[in-house]
Amino acid sequence: AHAALGDAYEAQARSAPERLDAFWMPFTANRQFKQHSRLLASARDMHYTTVDGRQVLDGVAGLWCCNAGHGRTRIIEAVSRQIATLDFAPTFQMGHPLPFVLAERLAAIAPDPLKHVFFTNSGSESVDTALKIALAYHRARGEGQRTRLIGREKGYHGVGFGGMSVGGMVNNRKFFGPMLPGVDHLRHTLDISRNAFSRGLPKHGAELADDLERLVQLHDASTIAAVIVEPVSGSAGVVLPPEGYLKRLREICDKHGILLIFDEVITGYGRVGNAFAAQRFGVTPDMITTAKGLTNGSVPMGAVFVSNAIHDAFMQGPEGVIDLFHGYTYSGHPLACAAALATLDTYAEEKLFDKALDIGAFWEESIHALRDLPHVIDIRNFGLIGAIELAPREGKPGSRAFDVFTKCFHDKDLLIRTTGDVVALSPPLILDKSHIGQIFGRLAEAIRETA
Ligand code: PLP
């Protein structure tokens, strides 16, 4: 009877539902989508299969998260066994073995001295967790007046009130009132006039980090708790750090006792050729926020990496008192831990982080071959991330990039992302050169045909 029920659930997941009305979709033009839906039914390796049976090549690892590709047997088995063994266990003043094992595994791949891990369920929760830890850290050290948080224009740090406040994407902010008080923003680092079509990191703009000195002058360092930036920002259309920028930011933070947080929800777990962008750039922040690739996207989970110094500052009070009044029912959830452990094994066994580095040069060549297509005004790449920026379209709603996205999905069997005027790419790290050829071949056709 249960097997029959299982068949029924599976059949439901593979066919288009009769009604799409009740699900209010996130970050979506709901009415438009429900007239022309795009529904995925199954996935394996580099491809999705749609409910109408088409094979769609995945150019964005789902949503920047399935770094090992789809349907990985090891993860499937780990999660299936775990749900049959221990479906849930609390981690408030109780525990089960897996989050301890997983945290040790994660600490081993994190840069020194970020050797403590706090578990969440998403990138947004990781960001809010890190911001709260920063505030409480200063208070624990007798510097409770350090309450100001600094983000950056064009930053995306999820949708919690903390992440939205330090974020710098106008549409994600303007509908929701005044947000957290005491937040300020650095200038963004996107400068097409100086850096268009640069390969890898832009040459110009390291001095933009000095904008932090401006904010220190304005507010005084003694009021500033932390700065949060994405080493490479994805959601605002792939904004890269100019050469030397992050190092300079680190120096200014050190000079003024300000914590530096890297939001690596996108760059974590191999996307730029190391476990973390911090390692690739040789700049160590005080905390790193992650999610997405941690479980290969299979079960929601986030992790915040915290330096020994920050962690230890919380461990000074009486041993019987809770050190951080923060956490989630599902922090260290057994299924998520099982998925993450199997994911880390997959990454290690297949050396996927190295692979991202090795194939990066071919990726760079291939994406820059699109520069002469109609309306292309910039191309950016780093690791296995890419962006093609198209000229804004005047006098008509919607962007050219969105047209390219729908063309790719419906006519070219290719999944890409768009944000504003930018086509963004972040394929699974398992891809080979022929996949790269297919991605850019199909994308080039779509850009030409929509022009
Ligand atoms: N931070 C960054 C840099 C992200 O790219 C994202 C999501 O794309 C988030 C935070 C939010 O993550 P989530 O959607 O899991 O809450």
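The values are calculated or read from the model by the stated rules, or taken from the named source; none is laboratory data. From a predicted model like this one, the values you see are computed outputs, not experimental measurements. Backbone-built Cβ (ideal geometry, glycine too); neighbour counts: all protein chains shown.
Per-structure values
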read-out	value
Any hit, segment 148-160, residues being in a helix (DSSP H, G or I), modelled with pLDDT of 95 or more and in contact with a helix residue (DSSP H, G or I) (Cβ under 6 Å, 6 or more places away or on another chain)	no
Filtered residues of segment 267-289 (kept if within 12 Å of THR343 (Cβ to Cβ) and within 14 Å of the ligand (Cβ to nearest atom))	GLY268, TYR269
Count - residues of segment 419-451 that are farther than 30 Å from THR343 by Cβ, buried (at least 21 other Cβ atoms within 10 Å of the Cβ) and touching a Pro at 6+ places or on another chain (Cβ under 9 Å)	1
Residue in segment 70-77 that is among the hydrophobic types (A, V, I, L, M, F, W, C), modelled with pLDDT of 95 or more and not in a loop (DSSP other than H, G, I, E, B) present	yes
Subset of segment 201-249 (residues that are over 19 Å from the mean Cα position of the chain (by Cα) and within 18 Å of GLY383 (Cα to Cα))	PRO202, LYS203, PRO242, GLU243, GLY244, TYR245
Residue count for segment 159-181, restricted to those that are under 16 Å from THR223 (Cβ atoms) and surrounded by fewer than 13 Cβ atoms within 10 Å (Cβ to Cβ)	1
Leading residue by the ranking (farthest from the ligand (Cβ to nearest atom)) among those in segment 115-170 that are hydrophobic (A, V, I, L, M, F, W, C), closer than 19 Å to THR284 by Cα and under 16 Å from the mean Cα position of the chain (by Cα)	ALA130
Condition check for GLY270: of a type in the set (Gly, Ala, Ser), touching a Leu at 6+ places or on another chain (Cβ under 8 Å) and under 29 Å from ASP421 (Cβ atoms)	yes
Residue in segment 194-205 that is in contact (Cβ under 8 Å) with a residue 24 or more places away in the chain, assigned by TED's automatic domain parsing to the domain that holds GLY234, surrounded by 13 or more Cβ atoms within 10 Å (Cβ to Cβ) and in a helix (DSSP H, G or I) present	yes
Subset of segment 397-451 (residues that are aliphatic (A, V, I, L, M) and free of Cβ contacts under 8 Å to residues at least 40 places away in the same chain)	ALA401, VAL423
Residues that are part of a helix (DSSP H, G or I), farther than 19 Å from PHE262 by Cβ, free of Cβ contacts under 8 Å to residues at least 12 places away in the same chain and aliphatic (A, V, I, L, M), drawn from segment 83-140	ALA84
Strands (runs of 3 or more DSSP E) within segment 17-68 that include 3 or more residues without any contact (Cβ under 8 Å) to a residue 60 or more places away in the chain	40-44, 47-50
